[in-house]
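Engineer: Pasting a structure below so you can have a look.
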Amino acid sequence: MRVVRGLVTGTLLLVLTAVPARSAAPEEQIVWGVHFALAPTWFDPAETSGIITPFVVLYALHDAMLKPLPGNPMAPALAESWNVSADGLVVELVLRAGVRFHNGEPVTAEDVKFSFERYRGASARMLKDRVQAVEAPEPRRVRIRLKQPWPDFMTFYTIATGAGWIVPKKYVEKVGEDGFKRAPVGAGPYRFVSFTPGVELVLEAFEQYWRKPPAVKRLVFRAIPDESTRLAALRRGEIDIGYAFFGALAEQVRRTPGLTLKATLVPTTFWVYFADQWDPKSPWHDRRVRLAANHAIDRQAINQAENLGFAKITGSLIPASFDFYWPPPAYAHDRGRARQLLAEAGYPSGFDAGEYFVDAAFANVAEATVNDLQAVGIRARVRPLERAAFFKGFADKKLRNLVQGGSGAFGNAATRIEAFVASGGAYVYGSYTDIDGLFREQAAELDRKRRESILHRIQQLMHDKAMFAPIWQLAAMSGVGPRVQEPGIGLVAGYAFFSAPYEDVRLKGR
């Protein structure tokens, strides 16, 4: 059974505008059809939430000290160089000369310090608990002092969070936090033109961008949550690139003359989170019930039906490409074993599992998973939520029962464990003392082999406790129209399935 994806979005009349919009000829702009409703929270690096979605906008509007670029997972960007002291306690970064924000102000060390201090997104507590001070001794020099050596600092600071993505201090202080979301100013390859909340974001090339002038003059991001509507828009030429096609519709993209299906295995894992496993009154408190759910899911059938077989079946929420990944044993699809485990746990007739919360863009995966759970007696109801609301509810610990987690964020095993497993993480409802102790231990371990051993042990415990029911590592399928020469999909290794860097995107004949 397939579910109609997407939510009805009311047309909003409010349009936010920062700079005078000039009309762009069709041959000068690219239109993306994105599978989620656009929200101002994605415009502010300070609010990055441990998922990849904000970077869809950050790569255009903003720039980072270092960031993943083609051929380099941690490439110099606003910082032209950096080094760590021999004792591991001081990180110094030198800013690139001549770089300016879209309003003409220079990017300075004070902006870097300000951006770190106002950061409040995922891993903010960990970063600020471990950083003693951020100093700006010179306009182009930044000094970050750590309380103790931390081998993962640069990973958390530059690629796993938005703490190292820089905003203009004077401008933010002038317009305020809400004003910044209404009219963001950054140092990226495109500047803000207008935004219709939940509907459309328009950006214009910033010709003075340090890396190179963008090849396409205007970018338009159009929210089209419903997959069939998105495909129709792609076929009619109303959008040039459409994200997130599944199953039969992905096959239609592949078979439509003039369209190209881009299928890319990306480090975006999906899993079922048993949010109530720490509640003794919940069925999910019993490990046998969590194991039963794992054996109930026919991952390969879901892969064939929804991802055309391109996804990677995994037993972990950590992508296989990440540093310190431990390959867990696979859960066999075995309904008989699932029913046996439920009976042993005291649920021979199954039980009502309540609502299964999911980002509406991936409700198809939820529907297929719920069907498998129901086949062994675990009865649940799919509850799709618009993306921003879903992740806010997830982070606020307001989603109960079953939650379909997912993340394509940059990082390594430690960053993914910090966000979704260890105590205090952005999406952690409960934790286990043995895992928490090991996580604290690995964070200060400077010997790579010993650290790897600790992180492998944590992942083994996650598997042994059946904390999650992993589903797959996504193979993202996007549709590209005939006008596009270079969609930018896959240029940055490990970056979900979105286009980047935007200054490399090209139209044919341009």
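Engineer: Of all residues in the range 253-269, which are under 13 Å from Ile241 (Cα atoms) and not in a strand (DSSP E or B)?
Structural biologist: Val253, Gly258, Leu259
Engineer: Would you check which residues across the range 133-166 are in contact with a Lys or Arg (Cβ under 6 Å, 6 or more places away or on another chain), closer than 15 Å to Ser115 by Cα and not hydrophobic (A, V, I, L, M, F, W, C) and list them?
Structural biologist: Correct list: Glu135 only.
Engineer: Touching a residue at least 60 places away in the same chain (Cβ under 8 Å), over 27 Å from Ala395 (Cα atoms) and touching a strand residue (DSSP E or B) at 6+ places or on another chain (Cβ under 8 Å): does that describe Arg182? Before the answer, list the steps.
Structural biologist: On the way: touching a residue at least 60 places away in the same chain (Cβ under 8 Å): yes; over 27 Å from Ala395 (Cα atoms): no; touching a strand residue (DSSP E or B) at 6+ places or on another chain (Cβ under 8 Å): yes.
Judged against the criteria, Arg182 is not a match.
Engineer: Considering each residue of the range 102-142, count those that are basic (Lys, Arg) and closer than 21 Å to Ala187 by Cα, and give that number. Working first, answer last.
Structural biologist: Taking the range 102-142 and keeping what is basic (Lys, Arg), we get 113, 118, 120, 125, 128, 130, 140-141.
Narrowing the set further to residues that are closer than 21 Å to Ala187 by Cα leaves 113, 118, 120, 140-141.
Of the residues in that region, 5 qualify.
Engineer: Being of a type in the set (Ser, Thr, Tyr) and buried (at least 19 other Cβ atoms within 10 Å of the Cβ) is the filter here; which residues of the range 209-231 pass it?
Structural biologist: So the first thing to find is which residues in the range 209-231 are of a type in the set (Ser, Thr, Tyr), and the list is 209, 228-229.
Matches in the range 209-231: Tyr209 only.
Yes/no matrix, rows are residues, columns are (1) surrounded by 17 or more Cβ atoms within 10 Å (Cβ to Cβ); (2) touching a residue at least 40 places away in the same chain (Cβ under 8 Å); (3) of a type outside the set (D, E, K, R):
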position	(1), (2), (3)
Ala366	yes, yes, yes
Gly377	yes, no, yes
Arg381	no, no, no
Arg416	yes, yes, no
Gln460	no, yes, yes
Ala466	yes, yes, yes
Pro470	yes, yes, yes
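Residues are listed down the side, and each one gets a yes or a no for (1) under 23 Å from Pro151 (Cα atoms); (2) buried (at least 18 other Cβ atoms within 10 Å of the Cβ); (3) over 26 Å from the mean Cα position of the chain (by Cα):
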{"residue": "Leu61", "(1), (2), (3)": "no, yes, no"}
{"residue": "Ala64", "(1), (2), (3)": "yes, yes, no"}
{"residue": "Leu69", "(1), (2), (3)": "yes, yes, no"}
{"residue": "Ala79", "(1), (2), (3)": "yes, yes, no"}
{"residue": "Asp87", "(1), (2), (3)": "yes, no, yes"}
{"residue": "Gly98", "(1), (2), (3)": "no, no, yes"}
{"residue": "Asn103", "(1), (2), (3)": "no, no, yes"}
{"residue": "Asp111", "(1), (2), (3)": "no, yes, no"}
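Engineer: Mind checking which residues of the range 312-331 are under 24 Å from Val382 (Cα atoms) and either assigned to a loop (DSSP other than H, G, I, E, B) or free of Cβ contacts under 8 Å to residues at least 60 places away in the same chain (or both)? Don't jump to the end; show me each part of the working.
Structural biologist: Restricting attention to the range 312-331, the residues satisfying the condition of being under 24 Å from Val382 (Cα atoms) are 312-317, 331.
Across the range 312-331, the qualifying residues are Ile313, Thr314, Gly315, Ser316, Leu317, Tyr331.
Engineer: Under 30 Å from Thr229 (Cα atoms) and either at pLDDT 95 or above or within 18 Å of the chain's Cα centre (by Cα) (or both): which single residue out of Ala39, Ala25 fits that description? Lay out the reasoning, then the answer.
Structural biologist: Working: Ala25 fails: either at pLDDT 95 or above or within 18 Å of the chain's Cα centre (by Cα) (or both).
Checking each option against the conditions leaves just Ala39.
Engineer: While we're here: Among the residues of the range 30-57, write down those that are within 12 Å of Ala500 (Cβ to Cβ), among the aliphatic types (A, V, I, L, M) and crowded, with 24+ Cβ neighbours inside 10 Å.
Structural biologist: The one that is within 12 Å of Ala500 (Cβ to Cβ), among the aliphatic types (A, V, I, L, M) and crowded, with 24+ Cβ neighbours inside 10 Å: Val57.
Engineer: Let me ask you something else. Within the range 387-403, count every residue that is more than 17 Å from the chain's Cα centre (by Cα) and among the charged types (D, E, K, R). Outline the logic, then answer.
Structural biologist: Of all residues in the range 387-403, those more than 17 Å from the chain's Cα centre (by Cα) come to 396-402.
Checking the rest, the ones that are also among the charged types (D, E, K, R) come to 396-398, 400.
Residues meeting the conditions: 4.
Engineer: Same structure, new question: Taking the condition in contact with a helix residue (DSSP H, G or I) (Cβ under 9 Å, 6 or more places away or on another chain), hydrophobic (A, V, I, L, M, F, W, C) and surrounded by 24 or more Cβ atoms within 10 Å (Cβ to Cβ), does Leu402 pass? Before the answer, list the steps.
Structural biologist: Working: in contact with a helix residue (DSSP H, G or I) (Cβ under 9 Å, 6 or more places away or on another chain): yes; hydrophobic (A, V, I, L, M, F, W, C): yes; surrounded by 24 or more Cβ atoms within 10 Å (Cβ to Cβ): yes.
Judged against the criteria, Leu402 is a match.
Engineer: With respect to Pro137, is the statement that it is more than 26 Å from Glu207 (Cα to Cα) and surrounded by fewer than 18 Cβ atoms within 10 Å (Cβ to Cβ) true? Reasoning before the result, please.
Structural biologist: On the way: more than 26 Å from Glu207 (Cα to Cα): yes; surrounded by fewer than 18 Cβ atoms within 10 Å (Cβ to Cβ): yes.
Judged against the criteria, Pro137 is a match.
Engineer: Sticking with this structure for a sec: Which of the residues that make up the range 270-311 are of a type outside the set (A, V, I, L, M, F, W, C), closer than 20 Å to Val403 by Cα and outside any loop (DSSP other than H, G, I, E, B)? Lay out the reasoning, then the answer.
Structural biologist: If we filter the range 270-311 for residues that are of a type outside the set (A, V, I, L, M, F, W, C), which is where we start, we get 273, 276-277, 279-283, 285-288, 290, 294-295, 298-300, 303-304, 306-307, 309.
Imposing the further condition that a residue be closer than 20 Å to Val403 by Cα reduces the set to 273, 276-277, 279-283, 285-288, 290, 294-295, 298-299, 303, 306.
Tyr273, Pro283, His285, Arg287, Arg288, Arg290, Asn294, His295, Arg299, Asn303, Glu306 - these are the residues of the range 270-311 that are of a type outside the set (A, V, I, L, M, F, W, C), closer than 20 Å to Val403 by Cα and outside any loop (DSSP other than H, G, I, E, B).
Engineer: Within the range 351-470, considering only strands (runs of 3 or more DSSP E) that don't extend past its boundaries, which have at least 3 residues that are in contact with a strand residue (DSSP E or B) (Cβ under 8 Å, 6 or more places away or on another chain), among the basic types (Lys, Arg) and modelled with pLDDT under 95?
Structural biologist: none
Engineer: Considering every residue within the range 242-255, establish whether at least one is over 19 Å from Phe310 (Cα atoms) and touching a strand residue (DSSP E or B) at 6+ places or on another chain (Cβ under 8 Å). Lay out the reasoning, then the answer.
Structural biologist: Let us first name the residues in the range 242-255 that are over 19 Å from Phe310 (Cα atoms), namely none.
Checked against the condition, which is being over 19 Å from Phe310 (Cα atoms) and touching a strand residue (DSSP E or B) at 6+ places or on another chain (Cβ under 8 Å), the range 242-255 yields no hits at all.
Engineer: Let me confirm something: among Leu234, Leu249, which residue is surrounded by 18 or more Cβ atoms within 10 Å (Cβ to Cβ), free of Cβ contacts under 8 Å to residues at least 60 places away in the same chain and either outside any loop (DSSP other than H, G, I, E, B) or touching a Pro at 6+ places or on another chain (Cβ under 7 Å) (or both)?
Structural biologist: Working: Leu234 fails: free of Cβ contacts under 8 Å to residues at least 60 places away in the same chain.
None of the other options fit; the residue is Leu249.
Engineer: Can you name every residue in the range 102-117 that is among the β-branched types (Val, Ile, Thr) and assigned to a loop (DSSP other than H, G, I, E, B)? Spell out the reasoning first.
Structural biologist: As a first pass, look at the range 102-117 and keep what is among the β-branched types (Val, Ile, Thr): 107-108, 112.
Hits for the range 102-117 are Val107, Thr108.
The values are calculated or read from the model by the stated rules, or taken from the named source; none is laboratory data. Since the model is a prediction, treat every value here as computed from it, not as a measurement. Neighbour counts are summed over all protein chains in view; Cβ atoms, including those assigned to glycine, are modelled from backbone coordinates with ideal geometry.
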